[in-house]
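First up is the structure itself, then whatever we jot down about it.
The values are calculated or read from the model by the stated rules, or taken from the named source; none is laboratory data. Keep in mind the model is a prediction, meaning the values are calculated, not measured. Cβ atoms come from the backbone with ideal geometry, glycine included; neighbour counts cover every protein chain shown. Surface accessibility is based on the protein's heavy atoms, side chains included, excluding ligands, DNA and RNA. Shrake-Rupley method; radii C 1.70, N 1.55, O 1.52, S 1.80 Å.
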Amino acid sequence: MERARTGVVVGTAALVLAGGAAAALGRTAVVRPAPERLVVGYRTHADLAAALRGTGAVVVRRLPALRAAEVRTLEPAARLRRAPGIRFVARPLARAAAAEPALALTPASPAGLEWEYHGTHEDGVPDSVLRSAASIRIAVIDTGADLTAPDLAAKSPISYNTRSGTTDVRDTNGHGTFVASIAAGSVTNGDGIAGFGGDAQLLVVKAGPGDGTFTDVDEAAGITYAIDHGARIINLSFGGGGTTSIERNAVRYAIDHGALVVAAAGNEFASGNPVEYPAALLQPVGSDGAGGAGLSVGASTQTGARARFSNTGSWISLAAPGENVFGDLSSLSPAAMYPRSPLPGSVAGIYGYASGTSFAAPQVAGAAALVWGANPQLTAQQVAQILKQTASGGGRWTPDLGFGVIDVAAAVATAQAGQPGVLLSGNRVKSKLHLTWSGDTSRYTLTLTTAGASRVVLSASPETSAWVKLKPGRAYAFTVSAIDPTGATSATSAPLTIALPSRH
């Protein structure tokens, strides 16, 4: 830090001296504009080279899988956009770790220090499933990780720093270490905590600097590296407002390669409750938890309620414990940010509490590895469907917790039993009900029951949503059935019931 500050002072002094000399000679000093960083999407490498030729631009890094590059240039963005073969030009978009200060150092819990393990029924998963998760690789794209932490060292993780192109992922922030320990900390090393992913493999990708901030380009570089190196599950415990082409393309790259992407929903409820990305790319706004390409994860308390900081909305998939979660700490992390807490019986490592949707998301990522380990034939969307279906909401969706808090043991049991069922959710707008549903098929039948009589609203339809007008003073029950290619019913949702009050 001293060296950086000294550099600034020397640089300033040089400008003053130069300015003074220029004034003495009767000349006006010329202040040259500083180059800025831009993200450039291109059709071919030749198109990029042609667009940058003669501009003095420097390519900072390339993302070949996404046909994009980050460049440092004085060239106006508008001029680059007009170049042939250039798909888009944008400024990097900020992303920040979705963490909150711990609310207490040692919260009382009959379940012990790692209360989240019991609260999600992770402790009810058979040992055989913990072992079978070894075929699944979880990528934690974050601030890096302290690979000397016992729970992480025991996994012998693959590591990569997207900025330096090396394996150096030292975590001076601490966020990534905490996240990685929850997602995939060892359950067999006899020390520390137990991660949620059983014997799942761990890939640590350091995507940003040590201050916990990222850009959409950092995120995209991390995602593509992880997918290209065998990750089946991607954990993104950061977010921010808005989205960009490079972020959307990276998420699509992961989905197209069959991976499940899990993201933190954010902690800004008290600051306007904004929509956060990339989470809202995975569970789109307006979806009410149905469908989606991945999982947007909110945070819950020890009582199963929404954590007061956790964002809410139609783009929340489900939730996991996020208030005073216990995990591994980086030896390089600031004690003021991640307070230390003793772990009785531990012989090595540093441990403590932290809060945030950042630490709820990796529980879901680890649980997904167990579901996949229990049934390797599932697709990423089926894994997500099972986690929603078996969560504490019992198939019902709310904007606070989505389909509820994950139940890992129930999800694993459902995966072992076969295919996921159908999820149905509804949102009433005055006298109309907007129904949305999802399942493992392409055709559905929607049935309405009221006053003891049932009628089919949609029959073997490809639609996954419908509006239904409700009459005052009546109670309604809706179910959706999945129709297989033979025309038979393969699964039926839990009933969704609603009553519209009588007019007075």
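One Cα centroid belongs to the range 121-167, the other to the range 465-483; the line between them spans 44 Å. In degrees, nearest 10, range 0 to 90: what is the angle between the Cα axis of helix 216-228 and the longest Cα principal axis of the chain? Computed tilt is about 70 degrees. Taking the longest Cα principal axis of the chain as reference, the axis of helix 408-417 is set at about 60 degrees. Taking all protein chains together and rolling a 1.4 Å probe, Val275 ends up with roughly 50 Å² accessible. Label separation (Ala77 vs Val456): 5.3 nm, computed from points 7 Å beyond Cα along the C-beta direction. So how tilted is helix 245-256 from the main axis of the chain? Cα-based, degrees 0 to 90, rounded to 10. For 245-256 against the chain, the angle is about 50 degrees.
Rolling a 1.4 Å probe over the protein chains gives Lys432 an accessible area of about 100 Å².
Between the listed residues Gly294, Phe359, Ala51, the Cα displaced farthest toward the positive end of the dipole of the chain, a dipole computed from Cβ unit charges relative to the Cα centre, is found at Ala51.
With Cα atoms as the point set, the radius of gyration and Dmax of the range 235-363 evaluate to 15.9, 49 Å. With a ≥ b ≥ c taken as the square roots of the eigenvalues of the C-alpha gyration tensor of the range 168-220, please select rounded if a/c is under 1.5 and otherwise prolate if a/b is larger than b/c or oblate if it is not? Here the range 168-220 falls in the prolate category.
A full extension of the chain between Arg53 and Thr166 corresponds to an added length of 37.8 nm, given 0.36 nm per residue minus the alpha carbon distance. Which shape class, rounded, prolate or oblate, goes with the range 358-451 when its Cα gyration tensor gives a ≥ b ≥ c as root eigenvalues, a/c under 1.5 marks rounded, and past that a/b bigger than b/c marks prolate? It comes out oblate by the Cα gyration axes. Gyration tensor over the Cα atoms of the range 105-243: the corresponding equivalent ellipsoid has semi-axes (square roots of 5 times the eigenvalues, largest first) of 26, 17, 14 Å. 3J(HN,Hα) along the range 117-126, derived from phi through the Karplus expression 6.51 cos²θ - 1.76 cosθ + 1.60 where θ = phi - 60°, amounts to 5, 7, x, 9, 6, 4, 6, x, 7, x Hz, with x in place of Gly and Pro. Measuring spread by the Cα atoms of the chain yields a radius of gyration and Dmax of 25.3, 96 Å.
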